[in-house]
Structure formats: C-alpha cells, structure tokens
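What follows is calculated from the coordinates using simple rules that are stated; it is not laboratory data. Predicted model, so just to flag it, every value in this text is computed and none were measured. So basically every Cβ, Gly included, is an ideal-geometry build from the backbone, and we count neighbours across all protein chains shown.
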Amino acid sequence: MRAIASPLAPPRPEPPIAVRSRSNALKRATLPPVPLTAARLRLRRQPEPGPSPPTRLSHPMPPPTATMSPAAGGSFPELTCPADFATVAAPGGRFSVVGFGSLLSERSARSTFPELEGFRVAVLRGFRRVFAHAAPIFFERGIAIEATKEFSSLSVEPCDSELIVVTVFEIKEEEVPAFIEREHEFRFLAVVPEGLDGVPFTNRAVVCARYSNEEYFQERCRGSKEIYNKYYGRYNIDKIWRDDILPCRLYLRHCVLAAKNLGEPAYSNFLDHTYLGDRKTTIREYLATTAAGLMEEEPPESLKSRYGG
C-alpha cells in the first residue's frame with residue numbers, strides 16, 4: 001500500500017466549447033437557483049451504521065466550519081489492493097463506501113450491492129465532483145454520444161474549499177475484489193465522512209477518486225496494452241481522464257434525480273458543487289444553457305429502471 005497519495009490538483013483549463021444538443025431548442029431550464037446557504041444547512045445526524053434510516057433530507061445542514069478536517073487539506077491514504085481495504089473495515093468485516101453520483105440512489109446502490117447496510121446521507125469535506133473521465137459502460141449500453149463528446153461519468157477530486165453531500169453505506173469485505181474490478185479506472189482513497197451535524201464518522205470510508213492516465217496505465221494495467229484494450233481500447237478510447245468531454249446525458253439526468261430524491265439540500269449541493277471538466281461550469285449552469293431540456297428526456301424502456309433516479 002502506498003502510505004499516502006497526494007491530492008490531485010489538475011490545472012483549470014478553459015471551458016470546453018459549448019455543444020448544442022438536439023434537445024436544446026428554445027427551452028429554458030426549470031431548476032430554481034436555490035443556493036446551499038448556511039441557513040439551509042442544519043440537519044439532525046443520521047445513525048451509522050445500522051438499519052437503513054430514511055434518506056430524504058427535510059431540514060438544512062450545517063455549513064462548512066472555519067477549520068477544515070485534517071484530511072481535507074492534506075493527503076489521503078490510498079488503497080491499492082484488498083489487503084489495504086481491510087485496514088478501513090469496521091468491526092464485523094464490513095467497510096463503508098461513499099456514493100456521489102449514481103450511488104446517491106439507494107435503488108442503484110442496491111442493484112450493485114444487494115446486501116448493503118446502513119444507507120444514509122452524509123457530508124464529505126474537501127472534495128468536489130467533476131465530469132472528467134470517459135466511461136466504457138456508456139458505450140456498452142449505447143448511451144454515449146460520440147459526436148458531441150457526451151460520454152463522461154463522475155469522479156471526485158480533492159479541493160479544500162468544497163463540500164459535497166454524499167451517501168454512505170456498508171458492504172461485505174468479501175465484495176472488495178469485485179468492487180476493485182468494477183471501478184477499475186479509479187484511485188481508491190480512505191476518507192472520513194461526517195454526519196449531517198458535522199460530526200466525523202467513527203470509521204473511514206472508501207471513495208472513488210480521479211486517477212491520471214499515466215498512473216492508470218502503469219498501475220492498473222501494469223503497462224499492458226492488452227489489459228488497457230480489455231477495458232477501454234475496444235471502445236476507441238485512447239485517453240480516459242480528460243477535461244474536454246461532457247456528461248453522458250442519461251447518467252447526468254439520473255444523478256440529478258437521485259440527488260433530488262434525497263431532498264432539497266442534497267439537490268442544490270449537487271447542482272452547485274458538481275462541475276464540468278473546466279472546473280468552472282456548474283451543473284446548474286450547464287442545465288440552464290448548453291444542456292437545457294436534458295431533464296425532460298426519457299431513458300429507453302430497457303434502461304428506465306437503471307437510470308430513473
């Protein structure tokens with residue numbers, strides 16, 4: 001295990017050229033500009049772990065404190081193999097996973113982890129969500145739009161000034177190998193989420209963070225083009241982590257709906273603290289301009305359950 005992984009701080013490129021989609025035609029976004037203000041940020045803490053509590057947020061949450069948690073401004077332990085994951089396992093042989101995109105939906109989380117426990121809402125300080133990597137699953141499912149570069153999925157990356165609303169749940173330790181395989185392109189970091197009252201959790205959790213193309217090829221693929229082709233090359237993806245692509249439309253819609261289902265604070269936080277690859281354009285701004293009309297698009301029948309929020 002690499003003892004400490006330095007936080008990634010990629011450069012802030014110029015905003016990508018706006019890509020007008022076929023659904024843009026003179027539609028206005030219907031999302032109200034509701035900021036995640038201090039007054040809206042106070043919520044009673046939900047238990048961890050235990051029987052799944054209600055996940056809908058109905059009260060404000062605490063604002064970021066003046067003093068960031070030590071991990072938020074520094075480095076995060078990186079987990080590179082199942083043995084490393086064991087170091088963050090809770091008593092009883094389960095470990096905590098942080099959901100920040102599709103896993104904001106309990107239904108989606110349970111479709112991937114049927115035996116998960118303790119699904120709850122939490123806060124992760126010192127990270128931001130960014131649409132900045134190509135996802136092969138969108139090509140597999142036929143929902144990637146190559147002509148407009150709409151095939152990005154979400155990751156998170158360290159950013160001292162940010163706070164994101166996430167979900168946390170526990171899975172069995174024996175599920176770790178499958179988890180690592182499924183999230184092959186990510187860097188796994190050990191983090192300390194907080195309850196909605198700002199109190200840190202007792203146990204650390206695992207979050208899937210941004211990698212780099214060079215590290216991915218050398219470490220995950222062991223320098224093998226054959227391994228790379230197994231995951232990406234067969235989809236003609238020659239660069240995974242990039243800043244010039246846009247969110248996969250159905251996936252973004254799914255994530256927005258999942259956040260909305262958790263309540264207004266989580267919804268506003270997702271809109272205002274999730275960025276395109278330029279790290280400037282928020283999802284609220286994107287839905288009001290380039291992607292106007294996206295939320296009215298329906299998934300094909302075969303994917304309605306998977307991408308229904």
* Long-range lysine pairs (8 or more apart or interchain), the range 218-309, Cα under 24 Å -> 5
* Asked: Would you list GLU183, GLU146 from fewest to most Cβ contacts within 10 Å?
  -> GLU146, GLU183
* In what order do CYS221, CYS81 fall by count of nearby beta-carbon atoms within 10 Å, going from fewest to most? -> CYS81, CYS221
* Asked: Between THR289 and GLU146, what is the label-to-label distance in nm when each label sits 7 Å out along the Cα-to-Cβ direction?
  -> 2.8
* Structure fact -> Kirkwood Rh over alpha-carbon pairs of the range 48-303 plugged into Stokes-Einstein at 37 °C, 0.692 mPa s gives a D in µm²/s of 176
* To do: Please report ARG222, ARG279, ARG107 as a ranked list, fewest other C-beta atoms within 10 angstrom at the top and most at the bottom.
  => ARG222, ARG107, ARG279
* Asked: Residues with amide H under 5 Å of SER152's amide H, sequence separation 5 or more or different chain, H placed in the peptide plane at 1.01 Å from N; which?
  -> LEU246, CYS248
* To do: Return the sequence-ordered ³J(HN,Hα) values of the range 264-279 in whole Hz as given by the Karplus equation 6.51 cos²θ - 1.76 cosθ + 1.60 applied to θ = phi - 60°, using x for Gly and Pro.
  => 4, x, 5, 5, 5, 4, 5, 5, 9, 10, 10, 10, 6, x, 6, 6
